[in-house]
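The values are calculated or read from the model by the stated rules, or taken from the named source; none is laboratory data. For clarity, every value in this text was computed on a predicted model and none was experimentally measured. With ideal geometry, Cβ positions are generated from the backbone for all residues, glycine too; neighbour counts draw on all protein chains shown. Accessible surface is based on the protein model in full, side chains and every heavy atom, while ligands, DNA and RNA are left aside. Shrake-Rupley method; radii C 1.70, N 1.55, O 1.52, S 1.80 Å.
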Amino acid sequence: MPPSHSPEGHDEALDIAFAVPQTHRLRMTTDLAGPQFAVLEQLLAIDVVPGTSAKVLLWVDAEVAAAGNFPLRLSQRLSSSDAINLVAPVLEVQGGEAVKNSEVVLRQMLSQINDHDLDRRSTIIVVGGGAVLDAAGFAAAIAHRGIRLIRVPTTVLAQADSGVGVKNAINYFGKKNWIGTFAVPWAVINDASVLQTLPDRDFRSGFTEAVKVSLLKDAAGFEWLHHHADQIRARDSRSCRVAIRESCVHHLRHITQGGDPFEMLEARPLDFGHWSAHRLEPLTEYRLRHGEAVGIGVAIDCLYSSLVLGFPTQAAEKVIDCLRRLGVPLWDEAIDPVDRLFQGLEEFRQHLGGRLTITMLRDIGDPVDVHEIDTNAMAKAIQQLREMAGASAG
């Protein structure tokens, strides 16, 4: 065989592309803690050492635990299964954006992993909204360079969008998701029963991500959402299930088939409307829900696309109408002054790396990436939204 080193006096460069096999498992249930508990048992049994039980920690959003008995029922089922070793009492963590704004909960999670000797064949089950999933996913991803994570999203927003994502993060330096990882969860279980206790505000605002992804990928899907917006706002179970499922599938296909699951390229189309949303959240000290901020951001970018990129005015008006009928806000006082909001563009560029890349729309289902924003036109779009929302000047 020839020598493995380069011949003396010659430089050598090797670039070897490779792919890491991944499986993204999605399950949809109606009562995971009841008749469909076997779905979870089957996921925990995958690749377990023969003769051993699955070693499990259960982390639960405290707001979810207070709102209903799903976490208690689930922990009881886990404890009573001979195939599962629930190694510690349920860890309840603070829900909402506060869980991501401090390292305290992250350290608590890491300590529990260490104290109970979890390894890379152990599993963490996290039950909660998107912020709790983000923080728990980050802890699971950095402990032992990755512990299996099963997400059970408990909000519409998380079931329709972030729950099936591969991103985990906490906030830092006052910036959204500044510290984080990419990691594919072991599984995601969207259970319909956990949504029943959601307040109307959280329930409705979760559908803004469904609007967003349909605008990017599915014109017929957006028309369906617009047509059924009143039923969704009224929490019609069938309409809501269809909307969540279609949004979830669109996101999942983008991640698994879009060619850029870890966002190494310039474009991040699924962040349509998010440059301003990510800025609005800290500007309101997280008074705005993420879904509410996204709804406002989507409205702004649709109006901008109409002014600059030829996005049909009628389509932009239909998007505003859809969001209004879903019952989400179209305006917040923190939008003023707009120069402060525009700082979100630079933060977005830094988060992406390299030049600014923002996804806009030429038509529904026809996204386009732009690298410059006309701030005068953007200010005009924001003023249009103010007028459409019926907000007074600040």
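Pairs linking a residue in region 41-67 that is of a type in the set (Gly, Ala, Ser) to a residue that is modelled with pLDDT of 90 or more and assigned to a helix (DSSP H, G or I), with Cβ atoms under 8 Å and 6 or more positions apart or on different chains, are 54/44; 54/45; 65/71; 65/72.
Here is a list: 263, 281, 285. Which entry is of a type outside the set (Lys, Arg), assigned to a loop (DSSP other than H, G, I, E, B) and in contact with a strand residue (DSSP E or B) (Cβ under 8 Å, 6 or more places away or on another chain)? None of the others qualify; the one that does is 263. At least 3 residues being touching a strand residue (DSSP E or B) at 6+ places or on another chain (Cβ under 6 Å) and within 15 Å of residue 95 (Cβ to Cβ) is the threshold, and among the strands (runs of 3 or more DSSP E) wholly inside region 111-217 those reaching it are 123-128. For region 343-364, a residue qualifies if it is buried (at least 17 other Cβ atoms within 10 Å of the Cβ) and assigned to a strand (DSSP E or B), and the qualifying residues are 358, 359, 360, 361. Assessment of region 73-96 against the conditions (closer than 29 Å to residue 290 by Cα, among the β-branched types (Val, Ile, Thr), touching a helix residue (DSSP H, G or I) at 6+ places or on another chain (Cβ under 7 Å) and open to solvent by 30 Å² or more (accessible area, probe 1.4 Å)) yields at least one matching residue.
Would you please name the residue that is surrounded by the most Cβ atoms within 10 Å (Cβ to Cβ), looking only at residues in region 365-388 that are within 22 Å of the chain's Cα centre (by Cα) and under 19 Å from residue 278 (Cβ atoms)? Per the criteria, the residue is 367.
Which of the residues spanning region 319-340 are part of a loop (DSSP other than H, G, I, E, B) and under 24 Å from the mean Cα position of the chain (by Cα)? Answer for region 319-340, where residues must be part of a loop (DSSP other than H, G, I, E, B) and under 24 Å from the mean Cα position of the chain (by Cα): 327, 328, 329, 330, 331, 332.
Pairing residues of region 324-345 that are under 20 Å from residue 371 (Cα atoms) with residues that are open to solvent by 40 Å² or more (accessible area, probe 1.4 Å) and among the polar types (S, T, N, Q), at Cβ distances under 9 Å and at least 6 apart in sequence or on separate chains, gives 338/375; 338/383; 339/375; 342/375; 345/375. When 299, 316 are checked against the criterion of being in a helix (DSSP H, G or I), surrounded by 18 or more Cβ atoms within 10 Å (Cβ to Cβ) and free of Cβ contacts under 8 Å to residues at least 24 places away in the same chain, a single residue qualifies: 316.
The residue that is farthest from residue 213 (Cα to Cα), counting only those in region 266-278 that are outside any helix (DSSP H, G or I) and under 16 Å from the mean Cα position of the chain (by Cα), is 268.
Per-residue answers, yes or no, for (1) without any contact (Cβ under 8 Å) to a residue 40 or more places away in the chain; (2) under 22 Å from residue 263 (Cα atoms):
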{"site": "107", "(1), (2)": "yes, no"}
{"site": "135", "(1), (2)": "no, yes"}
{"site": "165", "(1), (2)": "no, yes"}
{"site": "200", "(1), (2)": "no, no"}
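Taken over region 97-152, the criterion of being over 14 Å from residue 181 (Cβ atoms), of a type in the set (A, V, I, L, M) and open to solvent by 30 Å² or more (accessible area, probe 1.4 Å) is satisfied by 98, 104.
For residue 170, are the conditions met, namely being among the aliphatic types (A, V, I, L, M), surrounded by fewer than 24 Cβ atoms within 10 Å (Cβ to Cβ) and in contact with a Leu (Cβ under 7 Å, 6 or more places away or on another chain)? In short, yes.
A residue that is surrounded by 15 or more Cβ atoms within 10 Å (Cβ to Cβ) and farther than 22 Å from residue 199 by Cα cannot be found anywhere in region 59-72. Quick one: residue 351 ticks every box in (1) at pLDDT below 95; (2) farther than 23 Å from residue 131 by Cα; (3) not hydrophobic (A, V, I, L, M, F, W, C) bar one, so which box is it? Just one mismatch for residue 351, condition (2). Does region 74-97 contain any residue that is under 25 Å from residue 173 (Cβ atoms) and among the hydrophobic types (A, V, I, L, M, F, W, C)? The answer is yes, given that some residue of region 74-97 is under 25 Å from residue 173 (Cβ atoms) and among the hydrophobic types (A, V, I, L, M, F, W, C). Of all the criteria given as (1) open to solvent by less than 40 Å² (accessible area, probe 1.4 Å); (2) of a type in the set (A, V, I, L, M, F, W, C); (3) free of Cβ contacts under 8 Å to residues at least 60 places away in the same chain, the one not satisfied by residue 32 is (3). When residue 27 is tested against (1) touching a residue at least 60 places away in the same chain (Cβ under 8 Å); (2) open to solvent by less than 80 Å² (accessible area, probe 1.4 Å), only condition (2) is not met.
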